[in-house]
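See below for the structure under consideration.
The values are calculated or read from the model by the stated rules, or taken from the named source; none is laboratory data. All values reported here derive from a predicted model rather than from experimental measurement. Heads up: the accessible areas ignore ligands, DNA and RNA and are worked out on the full protein's heavy atoms, side chains in. Shrake-Rupley method; radii C 1.70, N 1.55, O 1.52, S 1.80 Å.
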Amino acid sequence: MDLEITPTIKIPDAELRLSFARSSGPGGQNVNKVSSKAVLHFDVLTTSSLPPDVRQRFCERYKSRLTNAGEVVIHSEEYRDQPRNIQACYDKLREMILTVLKPPKKRRATKPTRGSKVRRLNEKKRRGDVKAGRRFRSE
């Protein structure tokens, strides 16, 4: 079953690698026996599922989450059962890709208004007066 991001972007299961480990924290008798923590590996650099511009924005935005090999590693241990942790990993990856799907808007440069200039200068004058009042005067 492929991971569907949008109707046009689907990631095949062959590109996703899952591994499992024992979860940390309290959990009673099961904590030492059941590997419910899910770890998802997705190779962003070599995937053909993502368009090149989306892949580039993903790498720029999440460069701290990438390994040296260009994989993003997502793990989930918030649930006590493995299938829900797998789904949580898929959901996290989907959200990460959706955040970089649309290119950011270009910033349009604007000039400060006359009112904002006047307010800034008035505030500078007031601060200068306050500091001038603190000066030591020897008379």
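Key figures for this structure:
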read-out: Kirkwood Rh (inverse of mean 1/r, distinct Cα pairs), the chain, angstrom; value: 19.5 Å
read-out: Under-18-angstrom lysine pairs by C-alpha in the chain, whenever the two are 8 or more apart or on separate chains; value: 7
read-out: Accessible area in square angstrom per residue, region 19-100, 1.4 angstrom probe; value: 59 Å²
read-out: Carbon plus sulfur fraction of accessible area for the chain, probe 1.4 Å, in percent; value: 52 percent
